Amino acid sequence: MKHKITIALLCVAAALQAQVKELTLKDALTFALENKAEAKKAKLEVENSNHKIAEVRAQALPQINLNGGLTYNPILQQNALPGEFFGGPEGSIILAPLGQKWTSNGTVSLTQNLFNQSVFTGLKAARSTREFYSINQQLTEEQLIEKVSNSYYQVFVTQRKLAIAENNLISTKKVRDIIKGQYDNGLAKKIDLDRISVKVSNLEAARQQLTNAVQLQENTLKFFIGMPMEQQIKLPENTITVSAEAFTTKTETDNRTEMALLKKQQQLLTFQKKAYQAEYFPVLSLNANYGYLGQGTKMPLGARPNDVFWTDFSSIGLNLRIPVFSGFSTRSKVRQAEVSLKKIEEDLKDTELALNYQFENAKTQMSNSIINIQTQKENADLAKSVLENTKNNYVNGLASLTELLDAENALSEAQNNYTTAQLEYKLAEIQIIKSKGELKNLVN
């Protein structure tokens with residue numbers, strides 16, 4: 001029975017291992033762009049802009065309507081008419097009913113704008129709106145790429161720190177076993193064994209904290225890319241590479257999507273101002289209709305031909321509306337649009353300043369990180385060498401336990417500093433790539 005349980009557990013473990021997905025940065029970004037809600041919504045906004053264009057275009061097309069009505073008049077209105085019209089004495093009045101008990105009509109009407117400056121301006125604005133949503137989609141994807149990339153490197157660095165903690169724990173346990181053997185043979189003090197045991201306990205607690213931190217970071221990454229939480233992931237070992245290829249001496253803000261989006265908003269506000277100004281223009285439209293009118297003493301439906309009298313009618317006309325005075329309403333809307341344009345000009349200046357600020361900070365951070373990586377790498381190698389020598393000296397009685405523990409702490413600190421320096425470099429590299437407008441290249 002025990003063997004069966006063991007085999008079952010091994011099968012479950014193998015199945016779980018098989019479900020682990022190796023996730024490169026490119027895979028994570030591709031998955032996010034295909035599955036994350038904000039990326040999908042941005043695509044839907046572009047699709048919806050086509051429908052908005054069609055909605056505005058409809059105002060320039062003929063508007064055709066079918067109308068029908070059926071009216072029953074229980075009491076016909078009587079009108080006072082001169083009696084002499086009906087052969088009565090001069091000056092007499094006769095009350096005569098006009099109309100029929102039943103009246104029905106059916107008409108088809110057509111309205112066509114011949115000149116409406118608001119419609120023409122709206123069509124231009126609608127096409128620009130589609131371009132706006134396309135740029136907004138690109139910006140949304142870039143923001144998602146930046147967010148996912150930062151989270152991805154955070155996961156990798158936390159995993160590296162966990163691996164460092166596990167290696168240090170293994171090394172410290174070996175030292176504890178050596179001291180325990182010496183203590184059992186009367187060659188070491190109990191206080192040394194207690195101190196190294198406390199160190200092991202502290203390292204185990206630190207490892208558990210890092211294990212939890214890795215889980216939290218992985219969950220955050222899965223959320224950012226829209227991946228199910230139950231999916232197990234693994235990051236490649238060579239995730240972080242250091243080079244100066246992404247480094248550049250200047251940034252081209254004109255190529256940034258943030259600036260393009262603001263400029264497109266500026267164009268849309270210009271169209272909005274023109275649309276308000278179009279209210280000063282006259283509006284000319286064509287109207288035409290054709291219909292039938294039925295009158296009789298009985299309901300037209302099912303009535304005999306002699307009971308209902310049908311006549312057709314039609315009309316064609318031009319309508320001209322010339323605005324004269326609107327209480328300064330149009331003028332107020334135009335001035336509000338002008339203020340909005342001035343505000344977006346300030347937004348453009350501020351955004352350009354912010355982009356340059358971010359670039360300069362990223363450039364400085366990258367330069368510092370390159371130097372720091374080299375320094376911390378040398379420190380880690382040196383600390384590792386010191387620890388190995390201290391271990392040998394301790395075994396041979398030439399170094400104290402305090403010196404050994406200090407050497408282990410120094411190695412752990414140096415390794416973590418080196419890992420942190422790598423993370424700072426990659427975060428700065430992302431900002432440099434962003435400043436060049438090349439974040440999408442991370443997906444290709």
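The values are calculated or read from the model by the stated rules, or taken from the named source; none is laboratory data. Because the structure is a prediction, the values reported are computed rather than measured. Please note: Cβ atoms are built from the backbone with ideal geometry, for glycine as well, and neighbour counts cover all protein chains shown. Remember, those area values only see protein heavy atoms, side chains included, never the ligands or the DNA or RNA. Shrake-Rupley method; radii C 1.70, N 1.55, O 1.52, S 1.80 Å.
Quick look at the numbers
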{"quantity": "Residue that is surrounded by the most Cβ atoms within 10 Å (Cβ to Cβ), among those in segment 319-368 that are in a loop (DSSP other than H, G, I, E, B) and among the small types (Gly, Ala, Ser)", "calculated": "326"}
{"quantity": "Among the candidates 266, 295, residue that is farther than 29 Å from residue 369 by Cβ and touching a Leu at 6+ places or on another chain (Cβ under 9 Å)", "calculated": "266"}
{"quantity": "Subset tally (residues that are under 29 Å from residue 395 (Cβ atoms) and of a type in the set (Phe, Trp, Tyr)) for segment 177-232", "calculated": "1"}
{"quantity": "Candidate set: segment 301-318, residues that are open to solvent by less than 100 Å² (accessible area, probe 1.4 Å) and touching a Leu at 6+ places or on another chain (Cβ under 7 Å); chosen: the one modelled with the highest pLDDT", "calculated": "313"}
{"quantity": "Any chance residue 162 is assigned to a helix (DSSP H, G or I), open to solvent by 20 Å² or more (accessible area, probe 1.4 Å) and closer than 30 Å to residue 216 by Cα", "calculated": "yes"}
{"quantity": "Condition broken by residue 186, with the remaining ones in (1) surrounded by fewer than 20 Cβ atoms within 10 Å (Cβ to Cβ); (2) in a helix (DSSP H, G or I) satisfied", "calculated": "(2)"}
{"quantity": "Of all residues making up segment 226-261, the number that are basic (Lys, Arg), at pLDDT 70 or above and assigned to a loop (DSSP other than H, G, I, E, B)", "calculated": "1"}
{"quantity": "Candidate set: segment 262-300, residues that are β-branched (Val, Ile, Thr) and modelled with pLDDT of 90 or more; chosen: the one nearest to the chain's Cα centre (by Cα)", "calculated": "270"}
{"quantity": "Residues that are among the aliphatic types (A, V, I, L, M), touching a helix residue (DSSP H, G or I) at 6+ places or on another chain (Cβ under 7 Å) and surrounded by 14 or more Cβ atoms within 10 Å (Cβ to Cβ), drawn from segment 77-118", "calculated": "94"}
{"quantity": "Any hit, segment 46-61, residues being at pLDDT 90 or above and in contact with a strand residue (DSSP E or B) (Cβ under 7 Å, 6 or more places away or on another chain)", "calculated": "no"}
{"quantity": "Residue ID - most open to solvent (accessible area, probe 1.4 Å), chosen from residues in segment 50-64 that are of a type outside the set (Lys, Arg) and closer than 13 Å to residue 122 by Cα", "calculated": "55"}
{"quantity": "Residue within segment 119-129 that is closer than 30 Å to residue 440 by Cα, open to solvent by 40 Å² or more (accessible area, probe 1.4 Å) and either assigned to a helix (DSSP H, G or I) or not acidic (Asp, Glu) (or both) present", "calculated": "yes"}
{"quantity": "Filter result for residue 348 (modelled with pLDDT of 90 or more and out of contact with any Asp or Glu (no Cβ under 6 Å at 6 or more places or on another chain))", "calculated": "yes"}
{"quantity": "So residue 401, is it open to solvent by less than 40 Å² (accessible area, probe 1.4 Å), touching a helix residue (DSSP H, G or I) at 6+ places or on another chain (Cβ under 9 Å), within 21 Å of residue 140 (Cα to Cα) and not β-branched (Val, Ile, Thr)", "calculated": "no"}
